[in-house]
Amino acid sequence: MTGVYDSGIGGLSVWRELAAQMPEQDYVYVADSAHCPYGDKSPDYIIERASSVVRFLTDQGAEAVVVACNTATAAAISYLRSHFRIPFVGMEPAVKPAALASRTGVVGVLATANTFKGRLYRDTVMRYASGIRIVEVVGKGLVEAVERGDVPEELIRSYVGQMTGEGADVIVLGCTHFPFLEKEIAAAAGPSVRIINPAPAVARQTRRVVENLPHGISGCGRREFHTTGDPACLIRTVLSIDPSLTPDHFHRTNIQ
Ligand code: DGL
């Protein structure tokens, strides 16, 4: 079984790709919505939450875990890798493909404050974006809006405008919640701006990891969705991806 974890429902944008690329695999998803957003919490707090969720997932039989959250990846993936004996796949900031795709030499990255503070992001920019100007915009309020099921058009226009106003012709979705706003982000950016969602690449990487596990890709169609918070939005979003699922696939679970 593959565990998938996010601070909330954003990681479903990654699970959607995983289920499309490996439909036969078993999945248990955890939305830590009672503690969302992670974007401005301390790294220690995020490490504690991530460890509790991963412990829960390994108890459920996870043989690998996708940390489908840029913020949790930035704060906690090194800790998780050194404290659990299973492989982890994290969210790579998609700066490299963005730098290659840009013609103006200006790339916009929309992410949380903690993702920008992480070493992983800094190292990626250093390595892959030399000669490229990066316009970093903190998408404050967007994660909460997605969790509520809202589409905050005005905020989106303002954040996208900050990037396109500087000449960005590529925008990286640096938070897994943002693909659920991709249509509105693309509309605000206009047709000449390319939007990069790293989820398909992360799903391909997960496939490579799972293929190398003792059981490889195997399963019986297990689909479980746990949330530490209000299940309404999780249920709505999962059903928009896979309408065949029923109420017994969803659980409100207290993870201490
Ligand atoms: N989906 C998370 C991410 O990719 C949201 C972080 C948050 O909870 O602020 O960064």
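If you filter segment 127-152 down to residues that are of a type in the set (Asp, Glu) and not in a loop (DSSP other than H, G, I, E, B), you find that the one that is farthest from the ligand (Cβ to nearest atom) is 136. For the condition open to solvent by less than 50 Å² (accessible area, probe 1.4 Å), modelled with pLDDT of 95 or more and under 19 Å from residue 4 (Cα atoms), residue 164 does not qualify.
If the condition is being under 18 Å from residue 213 (Cα atoms) and open to solvent by less than 30 Å² (accessible area, probe 1.4 Å), then segment 17-36 contributes 18, 19, 22, 25, 26, 27, 28. Kindly provide the set of residues from segment 197-208 that are open to solvent by 30 Å² or more (accessible area, probe 1.4 Å), part of a helix (DSSP H, G or I) and farther than 12 Å from residue 22 by Cα, ordered by number. Matches in segment 197-208: 201 only. Of all residues in segment 29-52, those that are closer than 13 Å to residue 71 by Cα and without any contact (Cβ under 8 Å) to a residue 60 or more places away in the chain have Cβ atoms under 9 Å from Cβ atoms of residues that are away from the ligand (no atom under 13 Å from the Cβ) and open to solvent by less than 50 Å² (accessible area, probe 1.4 Å), 6 or more apart or on another chain, in 47/80; 49/255; 50/80. Once segment 181-193 is narrowed to residues that are closer than 21 Å to residue 91 by Cα and surrounded by 21 or more Cβ atoms within 10 Å (Cβ to Cβ), the residue that is nearest to the ligand (Cβ to nearest atom) is 181.
Listed conditions (1) more than 10 Å from the ligand (Cβ to nearest atom); (2) touching a strand residue (DSSP E or B) at 6+ places or on another chain (Cβ under 9 Å) are all met by residue 113, apart from (1).
Take the conditions surrounded by fewer than 22 Cβ atoms within 10 Å (Cβ to Cβ) and closer than 23 Å to residue 123 by Cβ and apply them to residue 59. Does it pass?
Taking the combined requirement at face value, the residue does not satisfy it.
Restricting 86, 77 to those that are within 13 Å of the ligand (Cβ to nearest atom), open to solvent by 10 Å² or more (accessible area, probe 1.4 Å) and in contact with a strand residue (DSSP E or B) (Cβ under 9 Å, 6 or more places away or on another chain) reduces the list to 77. Restricting the search to segment 127-144, which residues are touching a helix residue (DSSP H, G or I) at 6+ places or on another chain (Cβ under 7 Å) and within 18 Å of residue 189 (Cβ to Cβ)? Once the filter is applied, which keeps residues that are touching a helix residue (DSSP H, G or I) at 6+ places or on another chain (Cβ under 7 Å) and within 18 Å of residue 189 (Cβ to Cβ), segment 127-144 yields 132, 134, 135, 136, 137, 138, 139, 142.
The values are calculated or read from the model by the stated rules, or taken from the named source; none is laboratory data. Keep in mind that what you see is a predicted model, and the values were worked out from it rather than measured. Please note: Cβ atoms are built from the backbone with ideal geometry, for glycine as well, and neighbour counts cover all protein chains shown. Just the protein is used for accessible areas: all its heavy atoms, side chains included, with ligands, DNA and RNA removed. Shrake-Rupley method; radii C 1.70, N 1.55, O 1.52, S 1.80 Å.
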